[in-house]
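Report on one structure; see the data block that follows.
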Amino acid sequence: MMNFGKHKLDPETKTRLDAFGVKSTGVIPAAGKISTRVIAAICFLVVALAAEGNREPAPAGPGGIKKPVQAPVYYPNVVFQPDNRRDPFWNPLNSKNNSKSPADEEVDRGPAPPGIAGTYIAQAVLKGISIQDGSRTAVMRGADKRLYFLREGDRLFDGYVKSIDMESVTLVRETRMKSGKTLTQEVIMRLRTP
């Protein structure tokens, strides 16, 4: 038995430690004491060696040959075959019967111009209404965070101003479809919500 600080090692453990590159003295020359890493490595090796000695050999297959462990097989091109069952990952809302035909799609408007002419009705915010000499003007904030003074008939990117009342502005949103139809929807913006 070797003296390893306060720990004693038998010659077999010493040769195993030397095989793993651990110095058998276990003493750091500069510090003069055992390193915690060396102690952790020794504890790990002792536990591993004890477990290795207690382990029984794996049972052999027919003819004394060990069976190799097979990894699970991965099939990349397997397709789900329902066999009169529905696919649990299929969304029924995305069925072809419920989808709109291409003729019912909205026409792309293209890039938005700068200013209020490039602001969608949903982006516009009513800030005030000005009444002067019988004419009304709506003060609206556009998508660019600037204020614009609009009168009846002025255009936004997806609609126009229909009417301006004392406490509200009525806008008409126009949607052009690929079938040639133009759908309109009235949007009322109020200064104060009731």
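None of the figures in this text is laboratory data; all of them are computed from the coordinates on show. Here the structure is a predicted model, which is why all the values come from computation and not from measurement. All Cβ positions, glycine included, derive from the backbone under ideal geometry; neighbour counts span all protein chains shown.
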With Ala112 itself left out, Lys, Arg at +1 and Asp, Glu at -1 over residues whose Cβ is under 11 Å from its Cβ give -1
Between Asp10 and Thr36, the FRET efficiency computed from the C-beta separation at R0 = 22 Å comes out, to the nearest 0.05, as 0.50
Report the FRET efficiency, 1/(1 + (r/R0)^6), for Tyr120 and Val79, where r is their Cβ-Cβ distance and R0 is 45 Å, rounded to 0.05.
-> 0.55
Proxy exposure order for Leu183, Leu150, Leu49 (fewest C-beta within 10 Å first) is Leu183, Leu49, Leu150
Gyration tensor (alpha-carbon) shape descriptor, the stretch 116-190, a/c threshold 1.5 | prolate
